[in-house]
1. Which condition breaks for Gly336 when tested against (1) surrounded by 12 or more Cβ atoms within 10 Å (Cβ to Cβ); (2) small (Gly, Ala, Ser); (3) over 24 Å from the mean Cα position of the chain (by Cα); (4) not in a loop (DSSP other than H, G, I, E, B)?
2. Select from the range 404-420 the residues that are closer than 21 Å to Pro254 by Cα and outside any helix (DSSP H, G or I) and list them in ascending order.
3. Which one of Glu434, Glu423 is without any contact (Cβ under 8 Å) to a residue 12 or more places away in the chain and part of a loop (DSSP other than H, G, I, E, B)?
4. Taking Arg51, is it surrounded by fewer than 17 Cβ atoms within 10 Å (Cβ to Cβ) and more than 30 Å from Glu305 (Cβ to Cβ)?
5. Find all pairs meeting these conditions: Cβ atoms under 6 angstrom apart; at least six residues apart or on different chains; first residue within the range 99-115 and without any contact (Cβ under 8 Å) to a residue 40 or more places away in the chain; second residue among the aromatic types (Phe, Trp, Tyr).
6. Counting just the residues of the range 91-103 that are among the aliphatic types (A, V, I, L, M) and touching a helix residue (DSSP H, G or I) at 6+ places or on another chain (Cβ under 7 Å), which one comes out nearest to Gln243 (Cα to Cα)?
7. Any residue in the range 391-403 that is in a loop (DSSP other than H, G, I, E, B) and on the phi > 0 side of the Ramachandran plot?
8. Residue check: is Glu79 acidic (Asp, Glu), closer than 21 Å to Leu248 by Cβ and in the same structural domain as Gly282 (by TED's automatic domain parsing)?
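The values are calculated or read from the model by the stated rules, or taken from the named source; none is laboratory data. The model shown is predicted, which means the values in this text are computed figures rather than measured ones. Glycine gets a Cβ as well: all are built from the backbone with ideal geometry, and neighbour counts include every protein chain shown.
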Amino acid sequence: MDRRQQLFDRLAPVHQEQLLRFWPELSPAQQEKLAGQLDEIDFNEMDQLIREYVLVRPKTRIPDDLGPAPYFPLVPKDEEQRALYEKAEARGAELLRAGKVSCLTVAGGQGTRLGFDGPKGTYPIAPVTGKTLFEYFASSILRAGEKFGKPLTWYVMTSLLNREATEAFFREHAFFGLAPEQVFFFTQGTMPAIGYDGKLLLAEKDSLSLSPNGHGGTLLALRKSGALDRMKREGVEYLSYFQVDNPLIPVVNPLFVGLHDLENSEMSAIMLAKTGPFEKLGNFCVTQGHIEIIEYSDLPAELAESRNPDGSLRFIAGSPAIHVISREFIEHLTAGGSLKLPWHRADKKIPCLDEAGNLVKPSEPNGVKLESFIFDAMPLAKRTMVLEGRREDLFAPTKNPTGVDSVESCRALLVDRDARRLEAAGVKVPRTPEGKVDALIELSPRRIFDQADVDAYVAEHNLREIARGAKLYLE
């Protein structure tokens, strides 16, 4: 049986034989490329997904018992909790010294929305030096390794689109001082785009229209890439997970890691107090004893706006996508080489070939992309934990050129964080009458990991005051 007939026999029962319409026009290499893509797909499963998510529009069901999720507060509520936090911080530092923690960054995106041609991680973000996102994280990972006496391995998930460019960028910059073996690149999985008629779309005559399968695919990609095997060999138990567009996040947080460990949590999360009922953050909720995250667009307005007797929002806990995840939990979820997370439908304008082989660029949505979200793993964990974080110390997403969650706001938040650190060390920092920092300040993440590092730097350099209007880089 020839290759085409073999493929046709798989596609015909699920009505996807249109994918072979240009087969006679393809070279042997092109035929092998398309066949390889088709071989990656479980078409029986795909047919079921099409029925559930494409041919009908799925509705989010809100459980009757849905309530706000419990969390550990930013400030301990009593002496017992204060003692727990101190124990957790010490435990986290112990785990870091023992090499039980690695970093995991989701970096599959492009800088398109920033008007930038290249992987988002290569975008220059630091307010004074213009260090890129990748360099900023790498410098902090280096410093953390020095701080705890154990180099940290950095797992970087790319997409098919930016894998080559990302690796080249690291090589060009000598891995920013990290040993090459400290950085493990792996590639996010893909899902084929689907037309509203349930037919898979072709991007080219020899290629499906493929897109990243969402950050939920991180977990399965860790297994398929061999990353989980490496972690197990090296004795790594926990992953500090963060996204590449948030340089304010500490690459490791001893308190967070330690609390995750002491609580025997399999997947933990940082929560931020929402600025309003409809802020675009997922909502930490609890149903049937399990914590889950309900997207901001899915939580009914009457719940989003509901308040406690003191006037505070009931559903106050928002998700900035910061997690600690246990390696053994990921191994359990991906056993057998598959990962069963729910899918989320996104209606998109998808360039694709028409029946004549012409490329069509639609002006309106013409199909569906399916994504899985990593936070959907939380309800599958035996134990979870949520810890409140301070927004101004943790969250500065870089999603837009200007405005909210932008390059501008991110740089301003980095300056403000570093100014507050200097002030805490006794340095006088100039501010405007409105309280804004009246200088451009950048503390090198290669030198500064935490407040103790700031205090030591200030003492060493006898730093007393920052001049108004100064542009200052401290390393």
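1. Unmet condition: (1).
2. Of everything in the range 404-420, nothing turns out to be closer than 21 Å to Pro254 by Cα and outside any helix (DSSP H, G or I).
3. Working: Glu423 fails: part of a loop (DSSP other than H, G, I, E, B).
None of the other options fit; the residue is Glu434.
4. Details: surrounded by fewer than 17 Cβ atoms within 10 Å (Cβ to Cβ): yes; more than 30 Å from Glu305 (Cβ to Cβ): yes.
Yes.
5. Every condition considered, the pairs that remain are Gly111/Tyr123.
6. Taking the range 91-103 first, the residues among the aliphatic types (A, V, I, L, M) are 93, 95-96, 98, 101.
Add one more test, that the residue is touching a helix residue (DSSP H, G or I) at 6+ places or on another chain (Cβ under 7 Å), and what stays is 93, 95-96, 101.
Working: Ala93: 22, Leu95: 22, Leu96: 20, Val101: 17 Å.
Among them, the one singled out is Val101.
7. Our first condition is that a residue be in a loop (DSSP other than H, G, I, E, B); within the range 391-403, this holds for 395-399, 401-403.
When the remaining residues are screened for being on the phi > 0 side of the Ramachandran plot, the result is 403.
Yes, because at least one residue in the range 391-403 is in a loop (DSSP other than H, G, I, E, B) and on the phi > 0 side of the Ramachandran plot.
8. Details: acidic (Asp, Glu): yes; closer than 21 Å to Leu248 by Cβ: no; in the same structural domain as Gly282 (by TED's automatic domain parsing): yes.
No; evaluated as a whole, the condition is false for this residue.
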